[in-house]
Amino acid sequence: KARTRYAEEIRALLRTDVGDLLDDEIERRGGMRSFVDRVYERETDPYTVAEELLEPVRECLDDADG
């Protein structure tokens, strides 16, 4: 039970920290409104926006591996 509880706590902390990092990145790129406007104007879609925002995280993790 303790191991499961610790795993859940670690996941919750990671979600919070990654969420905060993504919020910072969104603000750095002009805020959520700018992304929503691009989707609303059909310049992009929500999936592409999510990929665009996650790309720096993926690159960072890839760099850490290599």
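Straightening the chain between Met32 and Thr44 buys 2.9 nm, computed as 0.36 nm per residue apart minus the Cα-Cα spacing. Screening the chain for whole DSSP H helices of 20 Å or more along their axis (Cα) with average Kyte-Doolittle hydropathy at least -0.5 returns 46-65. On the principal axes of its alpha-carbon atoms, the chain has extents of 49, 29, 19 Å, going from largest to smallest.
Laboratory data are not the source of any read-out in this text; all were calculated from the coordinates shown. As the structure is a prediction and not an experimental result, all values here were calculated from the model.
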